[in-house]
Amino acid sequence: LSNICQIAYPYSYDMSPAIDLRLLRYFIAVAEEGHLTRAAERIGTQQPPLSQQIRVLERELGVTLFNRLPRGMELTDSGAALLVDALGIVPDAPRFGRPATLPTIAAAVVVGVVLVLAPRHGVVDGIVLAGLGVAVIPFAWGGVRPGSGGRRTVDPRALRRTAIAWAVTGVVTCAWELTSWLLGRVLSAEQARQHPAISDLLDPAIDQLWFRAVFVAAWLALGLALITRGRRA
Amino acid sequence: MYLVTALVFAACGVVAVLLWVTGRRDALGLTSTGALFDRVLADRPARVVILLFWWWIGWHFLVARTVDPHG
């Protein structure tokens, strides 16, 4: 449990390295199911002892891992932080964020073909995008389902560095985009063409069938990654 | 200036690809982008915002006419 003890998450400050892996398994079950009764059924025990074990874990860590709500158990920030590491520590922990299933991939391929071949800005594209928007709502909203990269332990410091690197890249991109967009509105039309925004650069390219195919494929692949990550498959 | 503007965007894209590749190899003290997704998307508001942004990108480029072809 050295990773847990070294990281800066709130739950880890006073954490004992001798924590029982069994407690972590119970914790994972409750976090995944979001409900004590279902978690108890899953691991073959009763609700009262499971609830007691979760309280034992909370006492050992000195933090509250779950908010006890009428509809079930909701992870706190500390609980979510612990779950990320617990999934990497417990050897047979179930993997969240499994790869997309075959039917999902097949559906994405069909949607992709339609989006590539249908006239751009047309009714078909509009209907497909509206349908996709509705379809992802359950994935976006569905319960508190924190996830982890699976069985591999993630170094929280590396995770933080990665987050910072992506954030810096994103901020620079957005700042450059905003600058170009603003210049396009304050300069004359001729001068504004010298400062294209991302849309100005990509829009003509997406009119080309081959580039639209690349764009749609990348966009749908990202969507699949987003709905299968960070949540239970 | 057009070229400079486009090159900065391209550079951002290259950095993003490098971050993704480097993370997969656990090099330079970074971890995988997937692990980052897992952590960030564990939070419902973040998940909603990110999926909404993803959907908007599709809408923006495939459905909406956001660029005046004559402008």
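Each value in this text was obtained by applying a stated rule to the coordinates, not by laboratory testing. Note that the structure is predicted; figures quoted are calculated from it, not measured. When we count neighbours, we look across all protein chains shown, and the Cβ atoms used for this are built from the backbone with ideal geometry, even at glycine.
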Rg/Rh for chain B, where both radii come from Cα atoms and Rh is the Kirkwood radius: 1.10
Fewest-first sequence of A:Ile164, B:Ile50 by Cβ atoms within 10 Å of each Cβ: A:Ile164, B:Ile50
Ascending count of other beta-carbon atoms within 10 Å, so fewest first, for A:Ser199, B:Ser32, A:Ser188: A:Ser188, A:Ser199, B:Ser32
Test item: B:5-17 mean partner chain Cβ contacts at 10 Å: 5
Computed over chain B: relative contact order in percent, which uses C-alpha pairs under 8 Å that are six or more apart: 12 percent
Under-5 Å amide H pairs with A:Thr76, H placed in peptide plane, nonlocal only: A:Phe66, A:Asn67
Counted charge near A:Val114, where neighbours are those whose Cβ lies closer than 14 Å (Asp, Glu -1; Lys, Arg +1): +1
Backbone HN-Hα couplings from phi across segment A:40-57 [Karplus 6.51/-1.76/1.60, Hz, Gly and Pro as x]: 5, 4, 5, 9, x, 9, 9, 5, x, x, 5, 4, 5, 5, 5, 5, 4, 4
